[in-house]
1. Looking at the calculated P(r) for the stretch A:6-182, what percent of the C-alpha pair distances fall above 28 Å?
2. Note down the relative contact order for the stretch A:309-421 as a percent, whole number, built from C-alpha pairs under 8 angstrom at least six residues apart.
3. Counting pairs of alpha carbon atoms under 8 Å apart in space and at least six apart in sequence, what relative contact order in percent does the stretch A:187-460 give?
4. Figure the gain on full extension for A:T172 and A:A313 (residue separation times 0.36 nm, minus the Cα-Cα span) and round it to one decimal in nm.
5. At 0.36 nm per residue, and after removing the present C-alpha to C-alpha distance, how many nm does the segment from B:R305 to B:E287 gain when stretched out fully?
6. Take every residue in peptide B:23-31, count the Cβ atoms of other chains within 10 Å of its Cβ, and give the average of those counts.
7. Taking each pair of different alpha-carbon atoms in the stretch A:15-85 once, compute 1/r for the pair, average those values, and report the inverse of that mean as the Kirkwood hydrodynamic radius in Å to one decimal.
8. Of A:L377, A:L59, A:L415, how do they rank once you tally other Cβ atoms within 10 Å and put the fewest first?
Amino acid sequence: MIFNSFEFAVFFPIVFAIYWMLRLRAQNIFLLLASYAFYGFWDWRFLSLILFSTVVDYLVAQRIYASDDPGTRKRWVTLSLVTNLGLLGVFKYFNFFIDSFVEVMAAVGMQANIPSLQIILPVGISFYTFQTLSYTIDVYRKDNKPVTNLTDFAVYVAYFPQLVAGPIERSTSLIPQISTARKFDLNQVYSGLTLTLIGFFKKVFVADNLAPHVDAIFATSDPGFWTVMAGGYLFAFQIYADFSGYTDIARGISRMLGIELRLNFQFPYASNSPQEFWRRWHMSLSTWLRDYLYISLGGNRHGPVRTYANLMATMVLGGMWHGAAWNYVLWGFFQGTCLCVHRWWIAHIKPMFKPGLMLHLFKVLLYFQFTCYGWILFRATSLAQVGEMTGGLFQGEALNATLFLPLLQYALPMLIIEWLYASAKLPEKAAPFIRTAVYSLAFYLFVFHGEVSESFIYFQF
Amino acid sequence: MLNTLIKLAGFGLLFIVLVELIARTEDSVRYDAPFWGHYHLEGIRGVDDRGTVRCEANSRYKHFELGANGFRLTPHLENADRSLIWLGASEAFGLYETPGEDIANQLERGFARDGVSVDVVNASCFGLNLTRLQRIVEDPVAGMQPELLALYPTPHFYLDMIEVKADAPPEPSANNGGAGGGFVSRVATKSRDVIKAFLPLALQDRIRVYQASRALGNTSDDELWKTPPADRLALFEAHTRGLLTAAKATGARVALLTHANAFHKQATLNESLLQSWQKFYPRATGEVLIEFDAQANELLRRLAREYNVALIDIAEKVAGDPSDFADFSHFTDTGAAKVAAELEAWVLAN
């Protein structure tokens with residue numbers, strides 16, 4: 001079930017109404033059933049994977065907590081890692097590794113007959129796997145105590161607003177909210193409703209209207225400079241509106257249920273460096289990678305060379321988290337390179353410049369170009385297309401301004417509305433009339449000028 | 001709690017008013033619609049002082065910005081070497097094509113590309129049955145003395161609940177963009193289409209079945225058509241003969257086009273689409289609609305020979321590709337391009 005579907009339009013009001021009629025224990029059981037129904041609507045068979053992950057991590061965390069022996073604790077957390085990453089590996093990466101191996105063998109003149117399997121990628125597996133992993137690792141690191149109630153933990157794993165595309169919640173933040181009583185608050189419901197509206201506006205009006213323009217550009221053979229630039233810019237706003245729109249809907253729906261989900265985006269394209277970008281883009285993933293991968297690898301504690309290597313490894317693995325394809329590896333490598341170069345720059349060159357507004361704006365503009373190039377790697381369907389698009393940047397072409405027109409039509413209204421909303425002026429300080437006018441405009445554009453696609457980009461991850 | 005409720009109700013009311021105002025502003029800016037008063041599709045169709053039904057040139061109406069160079073009220077042709085008048089109902093006028101991609105516009109561009117000077121006038125309008133087409137041909141088309149006249153009759157009008165009469169001109173619509181009448185929410189009107197499109201296909205089908213059965217009212221089973229009704233086909237023939245006689249009397253070279261639908265030469269029948277067609281003609285089953293169209297096309301082929309006018313067999317040439325149709329019989333941009341190409345080939349051959 002996706003948020004912008006008829007099924008969800010029927011599902012959520014029913015869930016909302018029943019949910020608020022129940023008390024805490026019954027509320028959580030109902031929330032769990034609703035979450036399983038939400039997921040099972042896509043394919044009920046894959047509920048078994050969620051159930052399996054839930055039971056394993058619930059038991060593992062209890063065992064870790066019960067033991068003081070470091071060796072025993074390590075064995076249990078390893079079991080959790082192997083189980084979760086094993087499932088992810090089989091369902092997400094098995095065919096990728098097999099196909100890549102066969103291609104490498106073919107490249108050196110050897111034929112390998114290893115059959116690939118018809119494996120369906122379970123929706124949201126990357127998200128809930130990381131979420132449950134963070135729980136067992138937190139318990140292992142003694143940052144958190146295990147949950148005693150299995151239902152509460154199962155809700156934490158399968159909570160439907162954020163189950164399939166995040167934000168990746170930490171147990172320290174979500175479980176206490178699940179375990180304690182929620183109070184119905186009309187203001188919260190109103191706030192959640194407006195956040196959901198903004199999310200739908202971003203997804204349906206902005207992302208889905210930009211999609212055909214992006215598809216057309218990426219289908220162009222032999223693109224020139226302006227075409228590639230337009231492709232990068234348009235996709236940058238499409239993926240942002242799509243993913244942050246989904247997150248806003250998830251957060252809004254959850255707020256209506258009295259549960260606050262974490263912020264996942266904060267004006268990422270206003271970043272003036274890769275470091276800042278990753279503090280603003282998909283924050284729940286970037287902090288996960290930082291806390292559980294980069295720091296585990298040693299972070300910056302073992303000298304500059306190891307730091308660069310750790311950064312690179314984290315970003316390449318982060319790229320692979322997005323999908324089993326070489327362009328995601330390349331994208332991760334590109335992001336890692338940007339972070340390394342930036343780190344080196346700060347250490348060696350930055351002091352040469354005097355900080356100021358103009359320099360800041362220049363850096364924002366400059367880094368946006370790098371971000372967009374990164375999105376070209378991300379959006380490409382093959383390495384050949386990456387080469388073609390990159391080559392296009394060095395191929396002269398007459399400026400076709402109409403290619404950029406969708407930015408004015410869709411991206412600009414989004415930036416204005418989002419700025420009003422996210423800068424906290426809209427929800428709290430703006431006059432009721434202005435606030436309602438903005439919501440009305442967002443609603444009108446999303447309902448009467450939106451396109452309906454059948455998925456969200458990040459569902460495939 | 002009560003204060004919050006009152007406050008939120010106030011926001012809700014303000015929200016509804018603002019959305020309505022935004023809708024009216026958009027209609028006004030994009031489609032020249034009156035800000036207050038009614039605004040309806042019928043508003044772009046009218047009856048001139050000679051009693052001729054016509055669509056306004058460059059008419060625009062909410063979802064589709066028609067952009068078709070509709071019927072010129074001043075009956076004169078451009079200073080071109082040749083002139084062609086393109087006449088039919090909504091399929092010919094252009095209902096779903098993107099602005100400028102309707103058949104007449106594509107045809108004109110095709111001529112320009114080939115360096116041929118032809119003035120194309122789209123005299124079509126939605127809802128024109130053959131007697132109305134004949135009226136247009138007699139006046140003002142005859143007076144415009146076009147060199148070429150292409151006719152695109154719509155047979156399924158003849159399966160309407162009530163019989164098509166050699167008609168009196170319809171009354172001008174009360175919704176013709178003017179003020180007056182009760183308040184009709186633009187948002188509610190627009191929402192109906194959005195909600196319909198949002199519903200699952202199975203539910204949409206059920207609604208269509210319900211609408212069709214409601215339209216049938218007290219119609220008895222005996223009155224439903226299980227086979228194409230011969231009397232309606234005879235009426236279609238009689239009206240086509242009248243139209244062709246009037247067309248030939250203009251002195252123009254005439255082309256008669258067969259009627260294309262989205263079901264001809266399809267390996268599997270799109271039941272949902274067929275249902276959406278049947279909704280408008282509830283006395284007929286889907287099969288009857290398709291068969292009636294086929295028999296009417298056969299008739300058109302025969303009449304073209306009999307009256308010695310050119311036949312452009314669009315039904316055969318634009319068939320088999322669902323992407324050519326936006327619904328059961330109206331064209332998409334690609335479908336319109338195919339029709340335009342056939343018309344151009346005919347003109348260049350003449």
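FYI, it's all coordinate maths here, none of it is from the lab. Treat the numbers as computed from the prediction; the structure is a model and nothing was measured. For neighbour counting, all protein chains shown are included, and Cβ atoms are generated from backbone atoms with ideal geometry for every residue, glycine included.
1. Details: 5258 of 15576 pairs.
Distances greater than 28 Å cover 34 percent of the Cα pairs.
2. 24 percent
3. Relative contact order comes out at 31 percent.
4. 48.1 nm
5. Values: separation 18, 0.36 × 18 = 6.48 nm, distance 2.75 nm.
Length gained, B:R305 through B:E287: 3.7 nm.
6. Details: counts 3, 0, 1, 4, 0, 0, 0, 0, 0.
If you average over the peptide's residues, the count of other-chain Cβ atoms is 1.
7. 14.3 Å
8. Details: A:L377 24, A:L59 15, A:L415 18.
So the ranking, lowest neighbour count to highest, is A:L59, A:L415, A:L377.
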